[in-house]
Amino acid sequence: MPRKTINFPDKIEYISILDENGRLDKSLEPDLPQDVLLRLYRYMVLGRRFDQRLLNLQRQGRIGTFPPISGQEAAHLGAVAPLTTDDWMVPAFRETAAELYRGRSLESVILGNAGFSEGSSIPEDQNMFPMSVPIATQLPHAVGLGWAIKYDKKDNIVMVFFGDGATSEGDFHEALNFAGVYQVPVVFVCQNNQWAISIPRSKQTRSQTLAQKALAYGITGVQVDGNDILAVYTAAKEAADHGRAGKGATLIECVTYRLMMHTTADDPKRYRKDEEVEQWKARDPIIRFGKYLKYKGFLDDGKMKSIETEVDREIQDAVDRAEAEMKKLTDPLHMFEHIYAELPPHIQIQRSEMARELTELQKEADHG
Amino acid sequence: MAKMTMVQALNLAFKQTMAKDPRVIVMGEDVGLDGGVFRVTDGLIQEFGEDRVLDTPLAEAGIVGMAVGMAAYGLRPVCEMQFSGFSYQAFHQVENHAARLRLRSQGRFHVPMVLRAPYGGGVRALEHHSESREVFWAHIPGLKMVIPSGPRVARALLVSAIQDPDPVIFYEPKALYRAFREDVPDEEEVFPIGKSQIVREGTDLTMISYGAMMRPTLEAAEALKEKKGVQAEVIDLLTLSPLDDALFTASVKKTGRAMVVHEAPMSYGPGAEIISRLVEKSFYYLEAPIERVTGADITIPLFSRESSYLPNAARIIRKAEKLLSAP
């Protein structure tokens, strides 16, 4: 019997609409209203400048370590742009600008980074999960949310974020497989920023693309220029529509770059060359989008400057409010909140013993 | 009221809970048409359909991770781990998320899910099918850990676990699935999580156990009465976390002598915590060092040697006699 070829959909599309030189493919240009475009630009600038401010606060010891997002603004803002308020976002930890775009406050980010659990509080009107640190573990949650939405007969979708490193984790594969089996309305957005701390994308997998991993699970895969917000938006809109129409999940690989360190505890000079970073700076998503908005007549240098000034003021106000708030969050016993619906008796005892000890120690310190 | 095995009683809990509450979803490997490898979910897919009973792909982290998302949305998923020995592939989902999503979202989400798993030895099973690793879960803040010991209480505890607003690990002693029958009332019955019960009253010593070890413990208590006229008080913990220390502490204050029986390895086992609580709360009432009858600190042997490993009535009686002979 001769060997045969098994045919299956083995094509992965690559989408680029606005290239690094600012050249636009008009045939692919999404029809986005001016206010949405300007709002996206504003949040890109906010995300970038917030990183710088957080870095300063961290270096001054006013907050702890945090994961900067610089370079990846288009890859996550473009992705959440097509979501409705009722859609769900399940972040990893490097999508701060998208969380802000969907309503998270700057103060909550600062509080979280300053070591206050209150920072991860999620208002009832935001369908968003808290940031998730253990790599890829949030992907199955998105599948569960997607399944529940279907069971609930709603037409919302779930968008879940993760990096290139996450595609090596078992939870990534289990989640994509479950998503295929249950045809859930989930958009998996991979922020392929080329580095999982010190491990380059080439050492993470032998696959030519990360998007092609979708094919093994019978879901759609697409690769986009992650520094082109128009391309990211287009892919995300199609994937969201696809999910809403009951056609199942999509994996979007956003090819982007982490311009700063993994977290502020990391020194990228140990594992990557400055030339590489410089090459990617030339593909900066904000500069590129700014050129586009100028070309459209929606922005000029003066407006750009005033957006930066406004954003800086917004950040400063948030820092002031967060630091004032921190001064009020002095009760150490808050650590016992939100462990159980109702604290079991033995933990109530531990709580009151800690309260008593802390009071007594304070008294001793005051009189010592 | 009908005489039921534990498998039938658990099945009844599902049927009644699922009929009442459309948020309850059963999921796991082979839980649908096969009815679960122990048949606990038998007939559920026929009665409630594929939307309520999910035959999942074979991936424990996927099952539990998916359940976390479903529970956060507002459903009440009940996951079956085919054997507790396979649940470790979902350990990170329980530790990192199920147990702390309430905290991680500052109360916005909670995870009312149940993770069921058959545990323990005694059924001549394959490797990785017989461990008793309840302390893995009992150690995690944010979880509750329940182990029933008979059909009636298993049914009542499963209903409570499904209704609980926090994630519950529900270990089922597989040696007891069909070991005996009990009267189980037709009308729905619950048993509070976090409460233990005295199953045999006595004055001479307190025997503390749970799950499959309740049978040899009770057998030993009866034998001690017949042979020596000893009145042992026997406590069935039922919930390992949070531990109902008030009940066993009060008992030991009365008897002055205590022993703990479990099939899990001795070191850092449930006995270690129970004895710590006894020392903290009833030290001055103790008349003898507290004894433990447990598995050795080794991997449970394959089944040809399993009966030598597992605590039995004879071993429990010997330790009880030592405890009683202490001055």
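Details
- Taking θ as phi - 60° and the Karplus parameters 6.51, -1.76 and 1.60, the scalar couplings of segment A:111-120 work out to 4, x, 6, 8, x, 10, 4, 4, x, 9 Hz in sequence order, x denoting glycine and proline.
- Residue among B:34, B:186, B:236 with the largest mean-square fluctuation in a Gaussian network model of chain B, springs linking Cα atoms under 10 Å: B:186
- Chain A: relative contact order as a whole-number percent, Cα under 8 Å and 6+ apart: 22
- Helix B:151-163 axis, angle to chain B major axis (alpha carbon atoms, nearest 10°): 50
- Value of Rg to Rh for chain A (Rh from inverse mean 1/r over Cα pairs, i.e. Kirkwood): 1.02
- Anisotropy class of segment A:1-117 from Cα gyration tensor, a/c 1.5 cut: prolate
- Charge dipole of segment B:2-184 (Cα centre as origin; +1 on each Lys and Arg Cβ, -1 on each Asp and Glu Cβ, all else neutral): 560 debye, rounded to the nearest 20.
- Residue pairs exceeding 27 angstrom between C-alpha atoms, taken from A:273/A:296; B:15/B:174; B:3/B:253: A:273/A:296; B:3/B:253.
- Isotropically averaged projected area of the protein assembly as shown, using the convex hull of Cα atoms (one quarter of hull area), nm²: 38.4
- log₁₀ of I(q)/I(0) at q = 0.21, 0.26 Å⁻¹ - segment B:120-208, Debye sum with one point per alpha carbon: -1.20, -1.33
- Using alpha carbons only, the radius of gyration of segment B:2-184 set against its Kirkwood radius gives Rg/Rh = 0.94.
- Stokes-Einstein translational diffusion, chain B - Kirkwood Rh over all Cα pairs, 0.692 mPa s, 37 °C, in µm²/s: 164
- Exposure proxy order (Cβ contacts within 10 Å, fewest to most) of B:268, B:285: B:268, B:285
- Cross-link reach list, aspartates and glutamates versus residue A:328, counting only Cα pairs under 15 Å and skipping chain neighbours closer than eight places: A:107, A:118, A:320
- Comparing Cα centroids, segment B:251-327 and segment A:202-244 end up 57 angstrom apart.
- Folded to 0 to 90 degrees: helix B:313-325 orientation relative to chain B principal axis, Cα: 40
- Just checking the listed ones, B:180, B:170, B:14: in the Gaussian network model of chain B with Cα springs under 10 Å, the one fluctuating most is B:180.
- Residue order, fewest to most surrounding Cβ atoms within 10 angstrom, among B:171, A:14: A:14, B:171
- The loop-placed GluC sites (Glu not before Pro) in segment B:265-327, going by DSSP, that have at most 16 neighbouring Cβ atoms within 10 Å of their Cβ come out as B:287.
- Neighbour counts of C-beta atoms inside 10 Å place A:304, A:89 in the sequence A:304, A:89, starting with the fewest.
- In this structure, the pairs whose alpha-carbon distance is over 19 Å, taken from A:26/A:294; A:203/A:281; B:225/B:319; A:154/A:247, are A:203/A:281.
- Taking A:113, A:56, A:156 in turn, the Gaussian network model of chain A (Cα-Cα springs below 10 Å) assigns the largest fluctuation to A:56.
- Projecting the Cα atoms of A:330, A:149, A:343 onto the charge dipole of chain A (Cβ charges, centred on the Cα centre) puts A:149 farthest toward the positive pole.
- Cβ-placed point charges (K, R +1; D, E -1), dipole of chain B about Cα centre in debye, nearest 20: 720
- Helical runs (DSSP H, four residues minimum) scored at -39500 (n - 2.57) apiece and divided by the length of chain B put the mean residue ellipticity at 222 nm at -10000 deg cm²/dmol.
- Sites residue A:310 and residue A:105 - FRET efficiency at Förster radius 25 Å, r taken between beta-carbons, to 0.05: 0.95
- Base-10 log of normalised Debye intensity for segment A:225-368 (one unit scatterer per alpha-carbon) at q = 0.12 Å⁻¹: -0.94
- For segment B:197-325: rounded, prolate or oblate by the Cα gyration tensor [a/c cutoff 1.5]: oblate
- Cα-based helix-to-principal-axis angle, A:285-295 vs chain A, degrees rounded to 10: 60
- Prolate/oblate/rounded label for segment A:66-124 (Cα gyration tensor, a/c 1.5): oblate
- Think of chain B as having a plus end and a minus end, set by charges on the Cβ of Lys, Arg, Asp and Glu; of B:78, B:185, B:149, B:149 sits farthest toward the positive end of this dipole.
- Remark: mean inter-chain Cβ contacts per residue of A:115-125 equal 2, using a 10 Å Cβ-Cβ cutoff to other protein chain atoms.
- Dipole check for segment B:197-325: with +1 at the C-beta of Lys and Arg, -1 at the C-beta of Asp and Glu, and the Cα centre as origin, the magnitude is about 320 Debye.
- Entry for segment A:146-235 at q = 0.12, 0.19 Å⁻¹: log10 I(q)/I(0) = -0.40, -0.94, Debye formula applied to identical alpha-carbon scatterers, no solvent contribution.
Readers should treat all values here as calculations from the given coordinates under stated rules, not as data from a laboratory. Please read these numbers as outputs of a predicted model, since none were measured by experiment. Glycine gets a Cβ as well: all are built from the backbone with ideal geometry, and neighbour counts include every protein chain shown.
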